[in-house]
Amino acid sequence: MPSVLVVEDDPSIRQSLIEVLAEHGYAVRSAADGFGGLRELTQAPVDAVVLDLGLPDLDGGDALRMIRGISSVPVLVATARDDETEIIKLLNAGADDYLVKPFSGGQLIARLAAVLRRTSHVPPPGAGAAAAPAAAAAPQPAAVGELVVDPGARTAFLAGRELRLTRREFDLLAFLARHAGQVVSKRRLLTEVWREPYVDDQTVDVHLSSLRRKLGERAAAPRYLRTVRGVGIKLVAPR
């Protein structure tokens, strides 16, 4: 049974979330503020966190960064803020997905199941044995020039130095490494890496820009990540 930590200060909303999650097969723990959520997370691991941004003691963005400092657990942000710039900042800060309030219980369950499928070895409730073949297949490391990406260990090394990547940056790099030399469109990246049709191209651009910096390159002087104008991006060994 996958476990979820709900961090929400409003008692009625918190109870509603707990009930919906429990009804759909999740083991639920909860906290009413940011520091309480961090304490829960350090006491025992969970498979996902549902994090409200409007907390009484911490700004939700700060709470997210603190969570990322101690854990790579998938985080689904629940926010009343629908500003695109703010949402992109949250995704770039380590959120795996977001929900804009008000949202339905069905939407929460669907988004949470999608996050677990793409970020965790723990299948969502109801996935059953269908998830086993995918988990059993051990992905092989990919080497492109001096870059080595190991999806199984979730590590990436450049010239022997480990790269410090966010969860989404690693997923993006691993996908490109698996298709090294191929031009991949942003739409395909959204479909196969983000697996969410509502995410826009700018989100991909933000993560590609961050990856370039960590690979020691710029869009104007690419080495590994080469843009094919009007088509997409490809990962290649430097010339």
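The values are calculated or read from the model by the stated rules, or taken from the named source; none is laboratory data. Everything numeric here is computed off the predicted structure, so don't read it as measured data. When we count neighbours, we look across all protein chains shown, and the Cβ atoms used for this are built from the backbone with ideal geometry, even at glycine. These area figures cover heavy atoms from the full protein model, side chains too; ligands, DNA and RNA do not enter into them. Shrake-Rupley method; radii C 1.70, N 1.55, O 1.52, S 1.80 Å.
Helix 201-214: angle to the longest alpha-carbon principal axis of the chain, degrees 0 to 90, nearest 10?
So the helix axis and the longest Cα principal axis differ by about 60 degrees.
Taking springs between alpha-carbon atoms closer than 10 angstrom, which of Gly25, Gly160, Gly94 fluctuates most in the Gaussian network model of the chain?
In the Gaussian network model the winner is Gly160.
What distance in nm separates the two pseudo spin-label positions at Ser71 and Ala110, each 7 Å out from Cα along the beta-carbon direction?
For Ser71 paired with Ala110, the spin-label model returns 2.7 nm.
Between helix 34-43 and the chain, what is the angle of the helix's C-alpha long axis to the longest principal axis, kept within 0 to 90° and rounded to the nearest 10?
With rounding to tens, the tilt is 80 degrees.
Give the percent of DSSP beta bridges with both residues in region 7-120 that are antiparallel, rounded to the nearest 5.
On the way: 1 of 11 bridges.
Counting only bridges with both partners in region 7-120, antiparallel ones make up about 10 percent.
Among Leu176, Leu215, Leu116, which one shows the highest mean-square fluctuation when the chain is modelled as a Gaussian network with alpha-carbon springs under 10 Å?
Comparing Leu176, Leu215, Leu116 in the GNM, the peak value goes to Leu215.
Return a whole-number percent for the relative contact order of region 1-75, with Cα pairs under 8 Å and 6 or more residues apart as the contact set.
That works out to 35 percent.
If you take the square roots of the eigenvalues of the alpha-carbon gyration tensor of region 183-239 and sort them as a ≥ b ≥ c, do you get rounded (a/c under 1.5), prolate (a/b over b/c) or oblate?
Prolate is the answer for region 183-239, as a/c is 1.5 or above and a/b outweighs b/c.
I want the antiparallel fraction of DSSP beta bridges within the chain, as a percent rounded to 5.
50
When the chain is modelled as a GNM with alpha-carbon springs shorter than 10 Å, which of Ala143, Ala63, Ala177 fluctuates the most?
So, out of Ala143, Ala63, Ala177, the one fluctuating most is Ala143.
On a 26 Å Cα-Cα criterion, which of the cross-link pairs Lys101/Lys186; Lys101/Lys214; Lys186/Lys214 come out too long?
Distance filter (> 26 Å) returns Lys101/Lys186; Lys101/Lys214.
Do you know the relative contact order of region 5-127, to the nearest whole percent, from alpha carbon pairs under 8 angstrom that are 6+ apart?
That works out to 22 percent.
Carbon and sulfur together cover what percent of the accessible area of region 148-239 at a 1.4 Å probe radius?
Taking all protein chains in place, region 148-239 shows 49 percent carbon and sulfur surface.
Rounded, prolate or oblate, given the Cα gyration tensor of the chain, with a/c below 1.5 counting as rounded?
Verdict is prolate for the chain.
Would you work out what percent of the accessible area of region 20-74, with all protein chains in place, is carbon or sulfur (probe 1.4 Å)?
Its accessible area is 52 percent carbon and sulfur atoms.
If you take the square roots of the eigenvalues of the alpha-carbon gyration tensor of region 1-49 and sort them as a ≥ b ≥ c, do you get rounded (a/c under 1.5), prolate (a/b over b/c) or oblate?
Values: a/c = 3.16, a/b = 1.10, b/c = 2.87.
Oblate.
So what's the net charge close to Thr227: Lys and Arg +1, Asp and Glu -1, counting the other residues with Cβ under 11 Å from its Cβ?
Taking every other residue near Thr227 into account, the sum is +4.
Probe of 1.4 angstrom, ligands and nucleic acids ignored: what's the accessible area per residue over the chain, in square angstrom?
49
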